[in-house]
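Asker: One structure is given below, represented as structure tokens, and several questions about it will come after.
The values are calculated or read from the model by the stated rules, or taken from the named source; none is laboratory data. Given the structure is predicted, the values throughout are model-derived calculations rather than measurements. Cβ placement follows ideal geometry from the backbone for every residue including glycine, while neighbour counts extend to all protein chains displayed.
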């Protein structure tokens, strides 16, 4: 356990206090190490909610995080995201905004210079202009935008696509793999699961695997070994705002009591603080670094938690 | 008899209209360090100030900062090139003609090579013979590379030097016979003897301007009056004193070959041998402190009819220099497995065609040297062992910078070698307002990870940009307002919210051939740039789908095409 921990410390994933590291006595740091080893530690990072664990990736959307069993998406596991169809089953869109936002979260959670985001299949290549915007504003994510660490692959057929995902999962430098998962069967998803497990990194540094799948492959038509399964669709909120909204539905989540599927309404919100000029410009709003659950208009006083939840779920 | 060839070179600027000047800044003054022939014709000389030179040239001037040592390095490279191609004994000429900007850094302007016996290799039957053929073979590639060169061929270094600089043709050959050589040298100025400017001036003041006059003087007086150099240079030019050339030593690309006893048809033997060669190659690379960027494997196969051989060439490009035999084998292995061995392979050659610097790294104490083994035996063992996966590649090095992006490079190599280099891409933002031109995808093999551009983050853009804008029909209640109905991909969409417009002008400096071709008009060569403006709108339809739509407004009407001036609507992106 302790060697694992040392690796985490070295990777900067777990920080030993902010600026007072030198001042800490040896004894204190040892006690802290022990606490970490026993699993009581909290990741000291400004973005992680209290109680989040390093083996999972916080989605950055609190209502969803609270619902998930470990308060986030498990790293080193596959997560399936079903898109929506537009005019017939051959045209489908993958939820790129959410996938790009999650990719950014992965870089925020482990701030180090290394790490690649890999986009496999043309269908999941987001526009580079959007990725360039992601992660630059706050100066987090190692000071480098996601675009600079991105690799775009365009495999010609399903076989080589599966092979490429497999190769990327085994590479220790890969932080996020976003792939077009259409046409992958149960055996393929199991293979990916095994590949992710054979990554030599400790779990917190393993890649997050996000597979975008067409809606026609929704269960029960196909089955897979994915950890979670989500469906995303655009939706017009009751009070339409100036920003795109999506209905995100959780179909399946290992380890969560799921009597029925849960859903949230997610809005692509403007970035809270615009770098440069301070005013909120509607055209600077599109960066997917800021996804939020749409509860209600922000300037009202926050309602009681149960009520808010009801509204989130019920909206 | 040894014959020396000598070329004087200056950068050619014939096809560039502006005069080319290299300047050096000293004490807030910009002085000319070197100038082209065009400016030389306008009496510009090194040492002048830039302002003076500009005034004298009058026309367009291209000014670059002079980099000390760059000329020397470039000449050194040129000498290495010549040494691999024309003659084994080549060096950069230490003596230069003309102006020096300072005593310690003369601008090299020549290459000396010993071509004794080399010219036979360059005979072109029926056209050129001997030294002329060689001179032609040197001049042609130099001309293509933009150099203007003159060649002098003579029995001694001194004679060839004089012929290259004072001969009246691009290629001047001096006779080998002593008397004839003396007669050929006599009319040349004393500067042609490679003596310094002060001595030349002193000689000129005494009325001695030609080499012939110098030869006629009593030989005993010369050293006491003009220093010992004059006599030595004279003897060297006439070939009576020996002069040696210290050749450059170019490094030919590393090449390792194994020839079998006879044709070998077994795949196992070929694989084993290739792996051993890889280990050997990596050992050699280790000695040179470099890694391979482009590896070539050549397999000589017995010809189809059983006679002669044919070559099977496999090339592997790498994203960064490496000398890890495991990694190289993992890339080469699928290629070797697919080889059609036919009647058998006769020999295998591995060549590191392109190499890069790869510094030695301190191995961790007591860590098994899996990647850069300490002994040859260990490396061999590693190269033989097992699968080319990342999983068994030792413990992960987690510290920042410790891996040095090695895994990343290996991953890119693996992917690019299977999927093809054009399918593994990196993207970068290009400075352009036009959305489809604002990014560029480049093969990851060629482009290393770039430092982040300092451009401000772009404006709000959709997450999915269509490959090419798709035509749509729209109905807007008023001009400059978002449309209220959009028909796209055969479906009517009622628009319930729209934001915009954001107007993007065309890039007038680009040719607008695309649009004209689209309209079926043959583009004229002098057609102006993008002839349109675009108004972008963000639209939300009744199902909550957000589209990025623009209205294209042509700036002028194309003759004979009726609809060419009316606005058209396109869908360009979707927020997915």
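Here's the yes/no breakdown for (1) more than 24 Å from residue B:460 (Cα to Cα); (2) within 11 Å of another protein chain (Cβ to nearest Cβ); (3) at pLDDT 90 or above:
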residue	(1), (2), (3)
A:111	yes, yes, no
A:129	no, yes, no
A:147	no, yes, no
A:174	yes, yes, yes
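Asker: From A:255, A:181, which residue is under 22 Å from residue A:59 (Cβ atoms) and at pLDDT 85 or above?
Answerer: Details: A:255 fails: at pLDDT 85 or above.
Answer to the selection: A:181.
Asker: Inside region A:77-109, can you point out the residues that are more than 10 Å from chain B (Cβ to nearest Cβ), surrounded by fewer than 22 Cβ atoms within 10 Å (Cβ to Cβ) and touching a helix residue (DSSP H, G or I) at 6+ places or on another chain (Cβ under 8 Å)?
Answerer: Matches in region A:77-109: A:85, A:89.
Asker: Check A:236, A:205, A:211 and return the single one that is closer than 21 Å to residue A:261 by Cβ and within 14 Å of chain B (Cβ to nearest Cβ).
Answerer: Step by step, each of A:236, A:205, A:211 is checked, and only A:236 is closer than 21 Å to residue A:261 by Cβ and within 14 Å of chain B (Cβ to nearest Cβ).
Asker: Could you check region A:87-103 and list, in sequence order, the residues that are at negative phi and modelled with pLDDT under 80?
Answerer: The answer is A:89, A:90.
Asker: Looking at region B:429-448 only, could you name the residues that are in a loop (DSSP other than H, G, I, E, B), crowded, with 17+ Cβ neighbours inside 10 Å and either within 7 Å of chain A (Cβ to nearest Cβ) or modelled with pLDDT under 80 (or both)?
Answerer: Hits for region B:429-448 are B:438, B:444.
Asker: Here's something else I'd like to know. So which residues in region B:162-182 are within 41 Å of the chain's Cα centre (by Cα), in a loop (DSSP other than H, G, I, E, B) and free of Cβ contacts under 8 Å to residues at least 40 places away in the same chain, if there are any at all?
Answerer: Of everything in region B:162-182, those that are within 41 Å of the chain's Cα centre (by Cα), in a loop (DSSP other than H, G, I, E, B) and free of Cβ contacts under 8 Å to residues at least 40 places away in the same chain turn out to be B:167, B:168, B:169, B:170, B:174, B:175.
Asker: Only one of these is farther than 24 Å from residue B:420 by Cβ and surrounded by fewer than 15 Cβ atoms within 10 Å (Cβ to Cβ): B:283, B:306, B:342. Name it.
Answerer: B:306
Asker: What is the number of the single condition among (1) surrounded by fewer than 22 Cβ atoms within 10 Å (Cβ to Cβ); (2) at the interface with chain B (Cβ under 10 Å from one of its Cβ atoms); (3) modelled with pLDDT of 90 or more that residue A:169 does not meet?
Answerer: Every listed condition holds for residue A:169 apart from (1).
Asker: Suppose we filter B:545, B:481, B:551 for residues that are modelled with pLDDT of 55 or more and within 14 Å of chain A (Cβ to nearest Cβ); which single one remains?
Answerer: B:545
Asker: Evaluate the following for residue B:504: is it more than 7 Å from every other protein chain (Cβ to nearest Cβ), touching a strand residue (DSSP E or B) at 6+ places or on another chain (Cβ under 6 Å), modelled with pLDDT under 85 and not in a loop (DSSP other than H, G, I, E, B)? Give the derivation first.
Answerer: Working: more than 7 Å from every other protein chain (Cβ to nearest Cβ): yes; touching a strand residue (DSSP E or B) at 6+ places or on another chain (Cβ under 6 Å): yes; modelled with pLDDT under 85: yes; not in a loop (DSSP other than H, G, I, E, B): yes.
Yes; evaluated as a whole, the condition is true for this residue.
Asker: Taking residue A:196 as the residue in question, decide whether it is within 12 Å of chain B (Cβ to nearest Cβ) and either touching a helix residue (DSSP H, G or I) at 6+ places or on another chain (Cβ under 7 Å) or at pLDDT below 90 (or both).
Answerer: Values: within 12 Å of chain B (Cβ to nearest Cβ): yes; either touching a helix residue (DSSP H, G or I) at 6+ places or on another chain (Cβ under 7 Å) or at pLDDT below 90 (or both): yes.
So residue A:196 passes the test.
Asker: Exactly one of (1) over 28 Å from residue A:257 (Cβ atoms); (2) assigned to a loop (DSSP other than H, G, I, E, B) is unmet by residue A:226. Its number?
Answerer: It fails just one condition, (1).
Asker: Go through region A:116-126 residue by residue and tally those that are buried (at least 23 other Cβ atoms within 10 Å of the Cβ) and either modelled with pLDDT under 85 or within 21 Å of residue B:545 (Cα to Cα) (or both).
Answerer: The qualifying residues number 3.
Asker: Another question, if that's okay. Can you name the condition, by its number, that residue B:575 falls short on among (1) more than 21 Å from residue A:127 (Cα to Cα); (2) at pLDDT 65 or above; (3) buried (at least 17 other Cβ atoms within 10 Å of the Cβ); (4) in contact with a helix residue (DSSP H, G or I) (Cβ under 8 Å, 6 or more places away or on another chain)?
Answerer: (1)
Asker: Let me ask something else about it. Scanning for something surrounded by 14 or more Cβ atoms within 10 Å (Cβ to Cβ), closer than 25 Å to residue B:335 by Cα, modelled with pLDDT under 80 and more than 9 Å from chain A (Cβ to nearest Cβ), does region B:410-428 turn up at least one residue?
Answerer: No, every residue in region B:410-428 fails to be surrounded by 14 or more Cβ atoms within 10 Å (Cβ to Cβ), closer than 25 Å to residue B:335 by Cα, modelled with pLDDT under 80 and more than 9 Å from chain A (Cβ to nearest Cβ).
Asker: Among the residues of region B:469-477, is there at least one that is part of a strand (DSSP E or B), modelled with pLDDT of 85 or more and farther than 23 Å from residue A:85 by Cα?
Answerer: There is at least one residue in region B:469-477 that is part of a strand (DSSP E or B), modelled with pLDDT of 85 or more and farther than 23 Å from residue A:85 by Cα.
Asker: Sticking with this one: Taking region B:116-154 on its own, how many of its residues are surrounded by 15 or more Cβ atoms within 10 Å (Cβ to Cβ) and out of contact with any helix residue (DSSP H, G or I) (no Cβ under 6 Å at 6 or more places or on another chain)?
Answerer: Of the residues in region B:116-154, 9 are surrounded by 15 or more Cβ atoms within 10 Å (Cβ to Cβ) and out of contact with any helix residue (DSSP H, G or I) (no Cβ under 6 Å at 6 or more places or on another chain).
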